[in-house]
Amino acid sequence: MRVLNLFYSSTHNTEKVAKQIHDVVEELGYSIDTIKVTSPDLDVDILLYDLIFVGSGVYGQLPGQLLIDLHRRLLQQYNERGKVKPASPRRPSAYTVIYCTFGGVHTGINEAIPAVKFMGQLYDHLGYTIVSEWYVVGEYLTENLRDRSVNGRLGDIRGRPNQQDLREVREKVVGLFKSLLLK
């Protein structure tokens with residue numbers, strides 16, 4: 001099984017989650033390519049992978065701009081190559097997990113849902129089965145937004161994602177691999 005972990009992170013919250021995913025997949029005995037998106041021109045062929053984890057922080061209800069631009073470019077590229085088909089037929093043994101970190105200062109998790117749905121579109125169009133969506137709380141780390149880590153809808157989220165959050169990610173990865181191996 002070829003595994004990709006593609007992520008964007010500007011504050012290191014999503015990077016913590018990506019690292020946890022990477023470490024657990026390796027502990028389970030699988031090879032994983034973990035790639036931080038630093039350019040929309042990233043050279044990656046996602047169709048080479050059987051399982052893709054894709055994640056980002058949430059910025060104004062959307063993923064990071066570099067990931068948005070990468071996904072748009074890839075969708076156009078795959079469409080031009082005839083890889084996007086009407087009705088998006090499922091690819092056998094092709095799975096995706098979408099994850100995000102979010103602060104939810106105003107409306108909680110509802111601020112993160114559009115980002116996850118946006119990220120999922122590329123993979124859904126290519127016929128990947130989206131097996132799960134993970135929402136991980138992350139504190140605001142930029143100086144001008146730090147007060148949102150204590151004054152938002154989710155209460156005091158300082159220090160998150162914390163060890164408990166990362167344990168939950170670990171459990172989800174292990175559970176995912178168990179369920180995929182039973183298929």
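General observations
For (1) farther than 20 Å from ALA94 by Cβ; (2) charged (D, E, K, R), each residue gets a yes or a no:
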{"site": "LEU6", "(1), (2)": "no, no"}
{"site": "ASN13", "(1), (2)": "yes, no"}
{"site": "GLU27", "(1), (2)": "yes, yes"}
{"site": "SER31", "(1), (2)": "no, no"}
{"site": "THR38", "(1), (2)": "yes, no"}
{"site": "ASP41", "(1), (2)": "yes, yes"}
{"site": "VAL44", "(1), (2)": "no, no"}
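- Condition met for GLU168 (in a loop (DSSP other than H, G, I, E, B) and charged (D, E, K, R)): no
- Test for TYR123: is it touching a Ser or Thr at 6+ places or on another chain (Cβ under 6 Å) and closer than 25 Å to LEU28 by Cβ: yes
- Residues in region 137-161 that are among the polar types (S, T, N, Q) and open to solvent by less than 90 Å² (accessible area, probe 1.4 Å) were compared, and the one that is modelled with the highest pLDDT is SER149.
Rundown of residues vs (1) of a type in the set (A, V, I, L, M); (2) over 17 Å from HIS71 (Cα atoms); (3) open to solvent by 10 Å² or more (accessible area, probe 1.4 Å); (4) in contact (Cβ under 8 Å) with a residue 24 or more places away in the chain, yes/no style:
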residue	(1), (2), (3), (4)
ARG91	no, yes, yes, yes
THR96	no, no, no, yes
CYS100	no, no, no, yes
GLY104	no, yes, no, yes
PRO114	no, no, yes, yes
PHE118	no, no, yes, yes
GLN121	no, no, yes, yes
GLY127	no, no, no, yes
ILE130	yes, no, yes, yes
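The values are calculated or read from the model by the stated rules, or taken from the named source; none is laboratory data. Worth saying up front: this structure is predicted, and the values here are computed from it rather than measured. Virtual Cβ from ideal backbone geometry, glycine too; neighbours counted across all protein chains shown. What goes into the accessible areas is simple: the full protein's heavy atoms, side chains included, and nothing from ligands, DNA or RNA. Shrake-Rupley method; radii C 1.70, N 1.55, O 1.52, S 1.80 Å.
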